[in-house]
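S.K.: Mind looking over this structure? Questions follow.
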2 protein chains.
Amino acid sequence: MRLLLVEDDRRIASDVASALTSAGYVVEIVRDGEEAWFLGDTEDYGAVILDLGLPGMDGLAVLKRWRSNGRHMPVLVLTARASWAERVDGIDAGADDYLPKPFRMEELLARLRSIVRRTAGHASSVVSAGDITLDERQMKVSVRGVPIALSPLEYRLVAHLLRHRGRVVSQHELDENIYGHGEDHDSNALEVLIGRVRKKLGAELIETRRGFGYLVPETPA
Amino acid sequence: MRLLLVEDDRRIASDVASALTSAGYVVEIVRDGEEAWFLGDTEDYGAVILDLGLPGMDGLAVLKRWRSNGRHMPVLVLTARASWAERVDGIDAGADDYLPKPFRMEELLARLRSIVRRTAGHASSVVSAGDITLDERQMKVSVRGVPIALSPLEYRLVAHLLRHRGRVVSQHELDENIYGHGEDHDSNALEVLIGRVRKKLGAELIETRRGFGYLVPETPA
DNA sequence: TGATCCATGTCAGCGAAATGTCAGGTCGTT
DNA sequence: AACGACCTGACATTTCGCTGACATGGATCA
């Protein structure tokens, strides 16, 4: 799962990021409120870990703007100031949970799992493109109603492409979202994966944009 | 909005009640588990604030009986004890949020707003999938009407999977909800448990989603 | 106290599924 | 045509989940 980590303290950011990474998440880090807002507004993250006390734009303001733009991803708020007033503000701004610094990494992981689980029902869980339907709750992919068995990696590939249908997705982005950060790329594993998915779901689903990446066309309503 | 406040300590009850009243809620107070259960079962409340440690009937038991009767109003549990195990018990019993004592009144209000905001859930006393029926009130599982004896862990497993039928449940989530701790996982105890349940209830009930978790398919009505 | 039962964890090994690797192919661009 | 990006099929390897057998440990009861 892809996470956005918003934290300006480099030391904390890298500690947290490495813990998250080894827990199997794919992590993007930003240190600035403006950029955090932009990414959270335009990209899809499974969850956001948001430090208050940021340069650029206040963390709570970022959160409120996301919420008022209809962005519902789970948000875990971190803060050094552990006053109850802040907790209240955070919850009212739309935070799903709240973690005062300093914290143990295990607790962060536990709370993260908790909010991800709790808000899992809110995601619109069925996406489709062309003949293909993806049910994220059941992790089931169907072609014209017929369920197709996909391996884990194949599923992640399809899920990511369908979530971002209508735009070109680079190989690098796919790498990051499907595998973790294993920098190998003298391998064509991704291409092989694409091939296998095409064989199962039909070659038309995924278009190749030579030199740029892959595209699942948006289906006109 | 009308609230039910279940709290046997008169001092706390009146403090909370006056705070709630001045926050605009209409509050009814009960001090006894039996009466709480009766009112919660027969009247409609926007939310319930439930203290554990009650005379008459244990708070968690009250909550469980509400839930198994199909009462799904948001419930905020107050407790002096806040261990992980308690939390798991509370969540299993159907609590929407937890607030450890002592607490700030503002935080109680914030959490109350929060659980009311996400009014969505539902819980009924009997769920079924395929040939399997789970009666949560009696903690009884049947296959085509024939009761099957399950061990405590087996029951928790089945109950969790059936409550969340129709979506893939990760091994980790099962771990957390069946056992109550975090990071042991170099054991295959859960897989063994799954195997035993399958032997008792039939292999078709639980599908394996390799790499992701398990799924009890939703049965079309 | 000891015998026994039941629930549960542990372990080793099996087999299938998943995934990576490689060695050519194909296709498009210059 | 030549180059590089991409595709494909075959094969090797690794991972994952299942199973049966055994160990442990607590509860119960004579």
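The values are calculated or read from the model by the stated rules, or taken from the named source; none is laboratory data. In this text, all values refer to a predicted model and were calculated from it rather than measured experimentally. Because the Cβ atoms are built from the backbone with ideal geometry, glycine has one as well, and the counts that use them run over all protein chains shown. Accessible surface is based on the protein model in full, side chains and every heavy atom, while ligands, DNA and RNA are left aside. Shrake-Rupley method; radii C 1.70, N 1.55, O 1.52, S 1.80 Å.
Let's see how each residue does on (1) buried (at least 20 other Cβ atoms within 10 Å of the Cβ); (2) within 14 Å of chain B (Cβ to nearest Cβ):
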| residue | (1), (2) |
| --- | --- |
| A:L5 | yes, no |
| A:I12 | no, no |
| A:A36 | yes, no |
| A:Y45 | yes, no |
| A:Y98 | yes, yes |
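S.K.: Let me confirm something: among B:L153, B:L174, B:L162, which residue is more than 16 Å from DNA strand D (Cβ to nearest atom) and touching a residue at least 24 places away in the same chain (Cβ under 8 Å)? Before you say what the answer is, go through the steps one by one.
M.R.: Working: B:L153 fails: more than 16 Å from DNA strand D (Cβ to nearest atom); B:L174 fails: more than 16 Å from DNA strand D (Cβ to nearest atom).
Testing whether each residue is more than 16 Å from DNA strand D (Cβ to nearest atom) and touching a residue at least 24 places away in the same chain (Cβ under 8 Å) leaves just B:L162.
S.K.: Still on this structure, please answer the following. Give region A:180-206 a look and list any residue that's within 12 Å of DNA strand C (Cβ to nearest atom), touching a Leu at 6+ places or on another chain (Cβ under 8 Å) and either modelled with pLDDT under 90 or farther than 30 Å from A:S18 by Cα (or both), or say none.
M.R.: Of everything in region A:180-206, those that are within 12 Å of DNA strand C (Cβ to nearest atom), touching a Leu at 6+ places or on another chain (Cβ under 8 Å) and either modelled with pLDDT under 90 or farther than 30 Å from A:S18 by Cα (or both) turn out to be A:V197, A:K200.
S.K.: When you look at A:L63, is it open to solvent by less than 20 Å² (accessible area, probe 1.4 Å) and part of a strand (DSSP E or B), yes or no? Let's see the steps before the verdict.
M.R.: Details: open to solvent by less than 20 Å² (accessible area, probe 1.4 Å): yes; part of a strand (DSSP E or B): no.
So A:L63 does not fit the description; no.
S.K.: Moving on. Does B:R81 satisfy being at pLDDT below 80, surrounded by fewer than 20 Cβ atoms within 10 Å (Cβ to Cβ) and closer than 21 Å to A:D96 by Cα? Full working, then the answer.
M.R.: Working: at pLDDT below 80: yes; surrounded by fewer than 20 Cβ atoms within 10 Å (Cβ to Cβ): yes; closer than 21 Å to A:D96 by Cα: no.
Judged against the criteria, B:R81 is not a match.
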